[in-house]
Amino acid sequence: MALKRFVMMALTRKGEAVQAEELAALLDEHLKFLKAGGAGGSWETLCTTSDLETGLVLGIYRGGTKKGGKQADLSMRLVESDLNGVNLSFANLLAVGCTNRNWDEINLEGALLVDADLRGTSFRKANLRRADFSRSDMQGCDLSGADLRDTDFEEVDLSGANLTGALVTGTRFVNTCLDGVIGLEKQG
């Protein structure tokens, strides 16, 4: 199954890499945002045209009190860091670029990862509940033991991914490429 690649992903691959000091400051502010009540909202996406292939996608966060800190925004940036165990729940990672990294046990609950390039990244035992990965490239990702409940994988390329032991209740696999996926067939 061949999925279309979108203009957002092309822009990401040309994006600026996040430097270590900037990432540390961003994570610190995001934790303040979460502690101040910023969690619990939801994302709405808008496209600049009716054609998702050529339009730019924007994310709007609705909910949470947002009384302190700053919500993490890594949209259209390259992340060349391992983020295992980091809390980026409810963060904006729209069209983020991150390939072949260790994001094991990361918390991305409720995060926006539409049009992301995540090929080969490991998400073992990660909390990805209610995250939106629509139209992302996740070929070869390790999602074993991850919490994927109510996660959106619409039009995602998950070919060759490992979903062994992942929790998939309520997960959306609409027009998703599942060629060579390991572990999903054993789920209920």
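The values are calculated or read from the model by the stated rules, or taken from the named source; none is laboratory data. If you're wondering where the values come from, they're calculated on a predicted model, not measured in any experiment. Positions of Cβ are backbone-derived with ideal geometry, glycine not excepted, and every protein chain shown enters the neighbour counts.
Numerical summary
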read-out	value
Residues (acidic (D, E) and under 17 Å from L78 (Cβ atoms)) located in the range 19-38	E21, E22
Residues (closer than 20 Å to V57 by Cβ and part of a loop (DSSP other than H, G, I, E, B)) located in the range 118-147	L118, R119, L128, R130, A131, F133, S134, R135, S136, M138
Hits in the range 106-121 (condition: modelled with pLDDT under 95 and either basic (K, R) or at positive phi (or both))	D115
Single residue of E185, E154 found to be surrounded by fewer than 20 Cβ atoms within 10 Å (Cβ to Cβ), within 22 Å of S89 (Cα to Cα) and either without any contact (Cβ under 8 Å) to a residue 60 or more places away in the chain or not acidic (D, E) (or both)	E154
Residue list for the range 154-188, restricted to those being in contact with a strand residue (DSSP E or B) (Cβ under 9 Å, 6 or more places away or on another chain) and closer than 13 Å to R129 by Cβ	A166, L167, T171, R172
Residue ID - farthest from G38 (Cα to Cα), chosen from residues in the range 97-106 that are buried (at least 22 other Cβ atoms within 10 Å of the Cβ) and without any contact (Cβ under 8 Å) to a residue 24 or more places away in the chain	C98
In the range 34-47, residue modelled with the highest pLDDT [restricted to those that are under 19 Å from the mean Cα position of the chain (by Cα) and part of a helix (DSSP H, G or I)]	L34
The range 148-180, residues that are of a type in the set (D, E, K, R) and in a strand (DSSP E or B)	D152, D157, R172
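A quick yes/no check of all residues on (1) farther than 22 Å from D147 by Cβ; (2) at pLDDT below 95:
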{"site": "A10", "(1), (2)": "yes, yes"}
{"site": "G55", "(1), (2)": "yes, yes"}
{"site": "Y61", "(1), (2)": "no, yes"}
{"site": "G64", "(1), (2)": "no, yes"}
{"site": "M76", "(1), (2)": "yes, yes"}
{"site": "L83", "(1), (2)": "no, no"}
{"site": "C98", "(1), (2)": "no, yes"}
